[in-house]
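First up is the structure itself, then whatever we jot down about it.
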Amino acid sequence: MAHSLFMDAEWKPTVPALVNLVAASGAPQLRAAFAAAGLDGIRPAQAVALVPLAAGALHASALADRLRVTRQAVAQAVAALERHGYVTRVPDPADARVRLIELTPRGREVLRVMRANALDLEKRWQRVLGKERLAEFRETLVQLLSAAPGD
């Protein structure tokens, strides 16, 4: 059955629109998981900014590059995340004038909750698509993300 958003036969949604809707479909469950874990003041869209920090502290410019957003967007997100104790800014050991953004233990808890929620969502998608189609979908998404901008 088609999603109720697409009842107008004259309007066919674009693939990017569908990808955005699929990605957003997990947000209510993730918000509930954050609340259940006592993780206040964080929205799913902000939490995405924590993912690149799992491997270690980054400069704001590197975080912006990895997230494919502007430095201004990162500055706003980091300020909010820092206010709620999810990240902290520390001096760069190579240059104390520069700050690195790093996860706090609370930020690492956000990542644990996000991963558990994502795995639950993946299981639901596998029930709908089957194991093989979900694997193909994953490969397709990786291929699209790996393509150079403008390709």
TODO: Could you tell me whether any residue of the stretch 77-85 is touching a Lys or Arg at 6+ places or on another chain (Cβ under 6 Å) and either surrounded by 15 or more Cβ atoms within 10 Å (Cβ to Cβ) or under 18 Å from residue 113 (Cα atoms) (or both)?
DONE: yes
Task: Test set (1) surrounded by 13 or more Cβ atoms within 10 Å (Cβ to Cβ); (2) farther than 26 Å from residue 126 by Cα; (3) under 14 Å from the mean Cα position of the chain (by Cα) - residue 26 fails condition number - done: (2)
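For every residue, the table says whether it meets (1) under 14 Å from the mean Cα position of the chain (by Cα); (2) in a helix (DSSP H, G or I).
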{"site": "40", "(1), (2)": "no, no"}
{"site": "50", "(1), (2)": "yes, yes"}
{"site": "61", "(1), (2)": "no, yes"}
{"site": "64", "(1), (2)": "yes, yes"}
{"site": "72", "(1), (2)": "no, yes"}
{"site": "79", "(1), (2)": "no, yes"}
{"site": "90", "(1), (2)": "no, no"}
{"site": "97", "(1), (2)": "no, no"}
Task: Any hit, the stretch 125-148, residues being among the β-branched types (Val, Ile, Thr), under 24 Å from residue 53 (Cβ atoms) and at pLDDT below 95 - done: yes
Open item on the list: Residue under question is residue 142, and the condition is that it be closer than 24 Å to residue 15 by Cα and among the aliphatic types (A, V, I, L, M); does it hold?
Closed with: yes
Open item on the list: Please verify whether residue 118 is small (Gly, Ala, Ser), out of contact with any Asp or Glu (no Cβ under 7 Å at 6 or more places or on another chain) and within 26 Å of residue 146 (Cβ to Cβ), treating the condition exactly as stated.
Closed with: yes
Task: Residue in the stretch 46-72 that is farthest from residue 111 (Cα to Cα), counting only those that are among the hydrophobic types (A, V, I, L, M, F, W, C) and surrounded by fewer than 13 Cβ atoms within 10 Å (Cβ to Cβ) - done: 55
- [ ] Take the stretch 108-123 and flag every residue that is among the charged types (D, E, K, R) and within 21 Å of residue 45 (Cα to Cα).
- [x] 108, 109, 112, 115, 120, 122
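The values are calculated or read from the model by the stated rules, or taken from the named source; none is laboratory data. These numbers come from a predicted model, not from an experiment. Cβ atoms come from the backbone with ideal geometry, glycine included; neighbour counts cover every protein chain shown.
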